[in-house]
Amino acid sequence: METIVRNQGQIRYAEAYISDMPSLKNIFLQSQNSSKLNPDFGVPFLLVKKGNDVLGFASLILKGSGKISFKIYENSHLSDSEKKNFSLCAERYFNQNNSGNFRSTEQLKSSISKMVSWLNAG
């Protein structure tokens, strides 16, 4: 996967990698006020950083209707305009990507299950 970095002042957007998962897990758990991941965590695909700090991420999810979508989780350090810009960037990335997790509900369902199980075990 190629890294996408877009600068917006100090804000950077980049693809999510395995090494980012501890930070993303913490953001999710804090936003859900939970101690354990659930399928709503999804499969992260894009993150927003300020300096070296991850402030939020976009994650592939399955809606109740079985449709693939994405959800953004963030901590409280993003301004409204930064949130809006990240959401627009994530939407563009989501619409342009045709890999399996972005288009196959069965593959995404399996990937979410494996991701959540792996992160909850560690």
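Of the complete DSSP H runs in the chain, those spanning 20 angstrom or more by Cα along the long axis with a mean Kyte-Doolittle score not below -0.5 are 105-121. Bridging of residue 71 to aspartates and glutamates at a Cα separation below 19 Å is possible for 15, 20, 40, 80, 82, 91, 106, once same-chain residues fewer than 8 apart are set aside. Residue-normalised convex hull volume from the C-alpha trace of the chain: 107 Å³ per residue. Surface exposure of the chain, expressed per residue as accessible area with a 1.4 Å probe, stands at 58 Å². Comparing 12, 103, 92 in a Gaussian network model of the chain (Cα springs below 10 Å), the most mobile by mean-square fluctuation is 92.
Diffusion of region 20-69 by Stokes-Einstein, at 4 °C in a medium of 1.567 mPa s and with Rh set to the Kirkwood radius over alpha-carbon pairs, works out to 112 µm²/s. Reducing region 20-44 and region 81-122 to their Cα centroids gives an inter-centroid distance of 13 Å. Cross-link reach is defined here as a Cα-Cα straight distance under 30 Å, omitting same-chain residues fewer than 8 places apart; for residue 67 the lysines meeting it are 25, 36, 49, 83, 84, 109, 114. Residues 63, 50, 25, 84, sorted by accessible area with the largest first, give 84, 63, 50, 25 [1.4 Å probe; ligands and nucleic acids excluded]. Note that region 54-70 has calculated 3J(HN,Hα) couplings of 7, 9, x, 8, 9, 10, 6, 9, 9, 6, x, 7, x, 7, 7, 8, 9 Hz, one per residue in order, obtained from phi through the Karplus relation 6.51 cos²θ - 1.76 cosθ + 1.60 (θ = phi - 60°); glycine and proline are x.
For the chain, give the percent of accessible area contributed by carbon and sulfur heavy atoms, probe 1.4 Å, rounded to a whole number. Let's see the in-between values first.
On the way: 3210 of 7030 Å².
Of all accessible area on the chain, carbon and sulfur atoms account for 46 percent.
If you plug the beta carbon distance of residue 117 and residue 79 into 1/(1 + (r/R0)^6) with R0 = 25 Å, you get a FRET efficiency near 0.10.
Express the relative contact order of the chain as a whole percentage, based on alpha carbon pairs under 8 Å and six or more residues apart in sequence. Let's see the in-between values first.
Numbers: 171 pairs, mean separation 28.0, N = 122.
The normalised contact order for the chain reaches 23 percent.
Considering only 55, 37, 88, the mean-square fluctuation computed in a Gaussian network model of the chain, springs between alpha carbons under 10 angstrom, is largest for 88.
The values are calculated or read from the model by the stated rules, or taken from the named source; none is laboratory data. Note that the coordinates shown come from a computational prediction; the quantities given were computed from them, not determined experimentally. Neighbour counts run over all protein chains shown; Cβ positions are idealised from the backbone, glycine included. Areas reflect the complete protein model, heavy atoms only, side chains present, ligands, DNA and RNA absent. Shrake-Rupley method; radii C 1.70, N 1.55, O 1.52, S 1.80 Å.
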